[in-house]
Amino acid sequence: MKIYDSYKLLRRSGWRELLIRRDRIRGTNRFDFSDEGTQNLDLGPNESNGYYDPIASGVDSAFYYRRVESTSSVINIGAGKARAMIALAQFPFGKVDGVEGSPELADIGRRNLARAYIGFRSEIFSCCPTNFEGYDAYNYFYFHVPYSVGSLSLVLSNIESSIERRPRECWLAYCSAEPETADEMILANGLFERSLTCIADGRRVVTVHQHSA
């Protein structure tokens, strides 16, 4: 990896992304971000699209130009092996957590977090995100191509109930190659307004929606 490329990556995405890039180039296998189809997990096709290594540019596109306060907390819904959580850790969130329905992926994710030195401020809850009851603790929500439409609808309903129960300013970021349906669902009840749409890597679209308290 060239020095100039390393410097650009360090400046844009932080030293943890540099660790991951070097691990891949050198083949040292400290991190496990290998793909996993639903057939390898205890999840049905309506619960997950499987795990496919999310690139950090989706997180960068969603949050790079936003001023994140240290009092804010983010949860990655459908955390998988914690790849997106590690990218989120470059921002000064007080907590970077995740919720993951596959116990196997959650365990791998925890190991990846420890190897990226953010285990002290991160936790992965091994629970189906549609049943997770802890959304009140967060004001940022990040999705990376995680669900079927039915499951996404249930998670959004839980987040909306959380906002109604504990009013606060919130942001919801969604990264997908086909975001149109999700975008309609997020905007449907009027709680959120779209504040950003951009292309992350030439094919994935990132949308950020804001709810003002």
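Please tell me if Ala173 is of a type in the set (A, V, I, L, M), over 24 Å from Ser102 (Cα atoms), crowded, with 20+ Cβ neighbours inside 10 Å and in contact (Cβ under 8 Å) with a residue 12 or more places away in the chain. Spelling it out, it is not the case that Ala173 is of a type in the set (A, V, I, L, M), over 24 Å from Ser102 (Cα atoms), crowded, with 20+ Cβ neighbours inside 10 Å and in contact (Cβ under 8 Å) with a residue 12 or more places away in the chain. Answer yes or no: is there a residue in the range 188-199 that is within 25 Å of Ala82 (Cβ to Cβ), buried (at least 20 other Cβ atoms within 10 Å of the Cβ) and in contact with a Leu (Cβ under 9 Å, 6 or more places away or on another chain). No, because not a single residue in the range 188-199 is within 25 Å of Ala82 (Cβ to Cβ), buried (at least 20 other Cβ atoms within 10 Å of the Cβ) and in contact with a Leu (Cβ under 9 Å, 6 or more places away or on another chain). In the range 67-80, of all residues being of a type outside the set (Gly, Ala, Ser) and within 20 Å of Tyr135 (Cβ to Cβ), the one that is nearest to the chain's Cα centre (by Cα) corresponds to Asn76. Checking each residue in the range 84-112 for being surrounded by fewer than 24 Cβ atoms within 10 Å (Cβ to Cβ), within 21 Å of Tyr174 (Cβ to Cβ) and either charged (D, E, K, R) or not assigned by TED's automatic domain parsing to the domain that holds Tyr174 (or both) picks out Lys95, Asp97.
The set of residues in the range 113-134 being closer than 20 Å to Phe31 by Cβ, surrounded by 15 or more Cβ atoms within 10 Å (Cβ to Cβ) and either of a type in the set (A, V, I, L, M, F, W, C) or not assigned by TED's automatic domain parsing to the domain that holds Ser148 (or both) consists of Leu113, Ala116, Ile118, Ile124.
Within the range 153-162, no residue satisfies the criterion of being surrounded by 20 or more Cβ atoms within 10 Å (Cβ to Cβ) and over 19 Å from the mean Cα position of the chain (by Cα).
The values are calculated or read from the model by the stated rules, or taken from the named source; none is laboratory data. These numbers were taken from a predicted model, which means no experiment stands behind them. Counting neighbours? That spans all protein chains shown, and the Cβs are built from the backbone with ideal geometry, glycine included.
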